[in-house]
Amino acid sequence: MQLDILLQVLASFIFQHIENVPLESGLIHFLAMLGIDAETKRLRTAKNYSYMLAGMVYCMRAIVVEALLLSGTRSQ
């Protein structure tokens, strides 16, 4: 039960429809803030930021597969 609710919350961040204001999405806002280095007060270089984005993409793909494909095959 708790895992299903957690999956729904995570999927709501991913499957959010945004119009012309991308920073209204919590996920896009989080990723934008993740690109700022607090120590140097500058944007992170690609070398220091791309692995974070790759990790987020991997996790989002796993959540999407769980939410869309596997939830339909579970016994209720």
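The values are calculated or read from the model by the stated rules, or taken from the named source; none is laboratory data. A quick note: this is a predicted structure, and the numbers were derived from the prediction, not measured. Reconstructed Cβ throughout: ideal geometry from the backbone, glycine too, with neighbour counts over all protein chains shown.
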Q.
List pairs: first residue in the stretch 63-76 and within 11 Å of ASP4 (Cβ to Cβ), second residue of a type in the set (A, V, I, L, M, F, W, C) and modelled with pLDDT under 70 anywhere in the structure, Cβ distance under 7 angstrom, at least six positions apart or on different chains.
A. none
Q) So, in the stretch 1-46, of the ones that are among the small types (Gly, Ala, Ser) and assigned to a helix (DSSP H, G or I), which residue ends up nearest to ALA62 (Cα to Cα)? A) ALA11
**Q.** Considering residues of the stretch 1-41 that are small (Gly, Ala, Ser) and closer than 21 Å to TYR51 by Cα only, the residue farthest from the chain's Cα centre (by Cα)
**A.** ALA38
Q: Looking only at the stretch 58-68, decide whether some residue is of a type in the set (Phe, Trp, Tyr), modelled with pLDDT of 95 or more and over 15 Å from VAL9 (Cα atoms).
A: yes
Q. When the stretch 31-58 is examined, which residues are found to be among the aromatic types (Phe, Trp, Tyr) and surrounded by 12 or more Cβ atoms within 10 Å (Cβ to Cβ)?
A. TYR49
